[in-house]
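What follows is a single structure, written as structure tokens, with notes after it.
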Amino acid sequence: MTPIIFIILSFVLSKVGGIHFLGVFIPFLVVSILWIIFYPKYFYSYMIRNTKRMIKEGKNDGLLGEHQMILSEEGIIDSNSNGET
């Protein structure tokens, strides 16, 4: 969604600011392309790093193992061997 928002923002800024569209569009297009190329790798490494940190802390017994999720009128209920949330 973010690259699409960048491109829409370039159009809006060109109309509001009275700037030539290509002068605004090209930098936003470059940022969008860089986002598409680099963000997935950054996000993946960020998730791996945080997961390793959480496992190293050892206080996360409820994260791993079998979970049962129930969708009700009040919300979502998650049950596992440690309890219910």
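The values are calculated or read from the model by the stated rules, or taken from the named source; none is laboratory data. Source: prediction; values computed, not measured. Glycine also receives a Cβ, built like all others from the backbone with ideal geometry; neighbour counts cover every protein chain displayed.
Of all residues assigned to region 20-40, none qualifies as being at pLDDT below 85, exposed (fewer than 12 other Cβ atoms within 10 Å of the Cβ), over 25 Å from the mean Cα position of the chain (by Cα) and not aromatic (F, W, Y). Pairing each residue of region 40-68 that is charged (D, E, K, R) with any residue that is surrounded by 10 or more Cβ atoms within 10 Å (Cβ to Cβ), provided the two are 6+ apart or on different chains, yields C-beta distances under 7 Å for D61/N82; E66/N80. Scanning region 65-80 for residues that are surrounded by fewer than 10 Cβ atoms within 10 Å (Cβ to Cβ) and either in a helix (DSSP H, G or I) or of a type outside the set (D, E, K, R) (or both) yields a total of 6. Screening I55 against (1) under 25 Å from the mean Cα position of the chain (by Cα); (2) surrounded by 11 or more Cβ atoms within 10 Å (Cβ to Cβ); (3) not in a helix (DSSP H, G or I) leaves a single unmet condition, (3).
Residues of region 43-54 include none that is of a type in the set (D, E, K, R), touching a His at 6+ places or on another chain (Cβ under 8 Å) and modelled with pLDDT of 90 or more.
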